[in-house]
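Report on the structure given below.
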Amino acid sequence: MRVAVWAAVSAITLLLAAPVQAQTRVLRIAVVITPDVLLEHLIAVFERGTGYRVTLQITEGAFDVARAGQADLVIAHYGHQGTEAFMTDGLGRWPRMIFSNQAVLIGPAHDPAGIRGSTDAADAIRRISERGGEFFVNNAPTERYLADVLWRAAGSPAKSGWQVDLQLRDQTAIDMAAQRGAYTLWGLVPFVRLLEERRLQGRPLGMEALVLNDPLLPRVMVSIVVNPSRIAGVDEAGARGFERFLLDPSTQAMIRNFRHHGLAGQTWWPAGRNNAGSELGF
């Protein structure tokens, strides 16, 4: 791991055009809430190798921050509601896929449908429908869509008797699923944060992440360099330097190996290989 870190430091030092000037420069990154723990880890490596100081603005309104001229780089899900408008308005350079985070199928610790450890989420949905478990629909748009895909992949079993939809979403849906002892879908990172929050409050949630690592579960995120010809004050060189750092093979390996909140398994998936080969420097 130490070799990989120093390889990344060496690589990003070469990637930035003016490392001496960078000693006094600040790189402003606006990012959606999900990947802050991962980025804090990577930013520490970037700062040591370049002399840049990186500031993070963590908000679901990351593109609003950029539109206001307060960011050089935006990191968000490819399907974030602000991504398309930002790009079609000509405010950003081409999005580069950098990594994916993961949704998970969570459920009660006693796991009545016996899905724990499965890596086939559609099969897990089928088991829930057949074994008397309850699936609670999380109406966050991506989780609802994913639930529909998995239900269809499971053979579209009749929903009566096991699938419940009260039009709740995100944490509210998770709390209700926990009260009912039901299964549901949510992002792994916010779920782990909620578990830790409830543990510290002495109110354990009684839910676990049961099905992970199905190839359908990751959701890709992109970096977008803000267009300096449309928004004044953008440090394009610094933003491109950080983007190249994220795509460097050593950094992609760090992303794959990153662990947090006591998790033994992988949370983040490198996605750099989905970009054009010319962008990867090979």
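No lab work stands behind these numbers, since they all come straight from the coordinates. Fair warning: this is a prediction, and the values are worked out from it, not measured in the lab. Here the Cβ is made from the backbone with ideal geometry for all residues, glycine too, and neighbour counts use every protein chain on show.
Specify the residue with the greatest mean-square fluctuation among Gly181, Gly61, Gly132, computed from a Gaussian network of the chain linking alpha-carbon atoms under 10 Å apart.
Gly132
Send over the Kirkwood Rh of the stretch 146-270, from the inverse of the averaged 1/r over different Cα pairs, rounded to one decimal Å. Display every interim value, and only then the final one.
Working: mean 1/r = 0.0552 Å⁻¹.
In the stretch 146-270 this quantity evaluates to 18.1 Å.
Using the alpha-carbon centroid of each, what span in Å lies between the stretch 239-259 and the stretch 73-110?
So the separation of the two Cα centres works out to 17 Å.
Given a cut-off of 17 Å, what percent of all Cα-Cα pairs of the stretch 210-256 lie beyond it?
Working: 581 of 1081 pairs.
Across the stretch 210-256, Cα pairs with separations above 17 Å total 54 percent.
Report the net charge of residues surrounding Pro112, where surrounding means a beta-carbon distance below 11 angstrom and charges are Lys +1, Arg +1, Asp -1, Glu -1. Don't skip to the end; give the middle numbers.
Details: positive: Arg116, Arg127, Arg131; negative: Asp111, Glu134.
Counting the neighbours of Pro112, the net charge comes to +1.
What percent do you get for the relative contact order of the chain when only Cα pairs under 8 Å and 6+ apart count? Provide the component values of the computation, followed by the final result.
Details: 497 pairs, mean separation 79.3, N = 282.
Over the chain, the number comes to 28 percent.
Quick check for me: using +1 on Lys/Arg Cβ and -1 on Asp/Glu Cβ, what's the dipole size of the chain about its Cα centre, in debye to the nearest 20? All intermediate terms of the calculation are to be shown ahead of the outcome.
Working: 28 positive and 27 negative charges, 76 e Å.
For this selection, approximately 360 debye.
Taking 1 over the mean of 1/r across every pair of different Cα atoms in the chain, what Kirkwood radius in Å do you get? Present the calculation step by step, with values, prior to reporting the outcome.
Details: mean 1/r = 0.0496 Å⁻¹.
Its Kirkwood hydrodynamic radius stands at 20.2 Å.
Please compute the contact order of the stretch 148-252 in relative form: average sequence separation of alpha-carbon pairs under 8 Å and at least six residues apart, divided by the residue count, as a percent.
Details: 30 pairs, mean separation 12.5, N = 105.
Relative contact order comes out at 12 percent.
Taking just the alpha carbons, could you work out the radius of gyration and Dmax for the stretch 146-218, both in angstroms?
That works out to 13.5, 41 Å for Rg and Dmax.
Taking just the alpha carbons, could you work out the radius of gyration and Dmax for the stretch 65-150, both in angstroms?
Rg and Dmax of the stretch 65-150, Cα atoms, are 18.4, 54 Å.
Can you give the three extents of the C-alpha atoms in the stretch 102-211 along their principal axes, from longest to shortest, in whole Å?
41, 27, 24
Near Gly233, within a Cβ-to-Cβ distance under 13 Å, what is the net charge of the other residues, with Lys and Arg +1 and Asp and Glu -1?
Details: positive: Arg25, Arg28, Arg67, Arg230; negative: Asp72, Asp235, Glu236.
Taking every Cβ under 13 Å from that of Gly233, the sum is +1.
May I ask you to evaluate 6.51 cos²θ - 1.76 cosθ + 1.60, the Karplus curve with θ = phi - 60°, for each residue of the stretch 72-84 and list the ³J(HN,Hα) values in order in whole Hz, giving x for glycine and proline?
9, 9, 10, 10, 8, 5, 4, x, 4, 4, x, 5, 4
Counting only other residues whose beta carbon sits under 15 Å from that of Leu280, what net charge do I get with K and R as +1, D and E as -1? Could you put the intermediate results ahead of the total?
Details: positive: Arg96, Arg240, Arg244, Arg273; negative: Glu243, Asp248, Glu279.
Overall, the nearby charge balance is +1.
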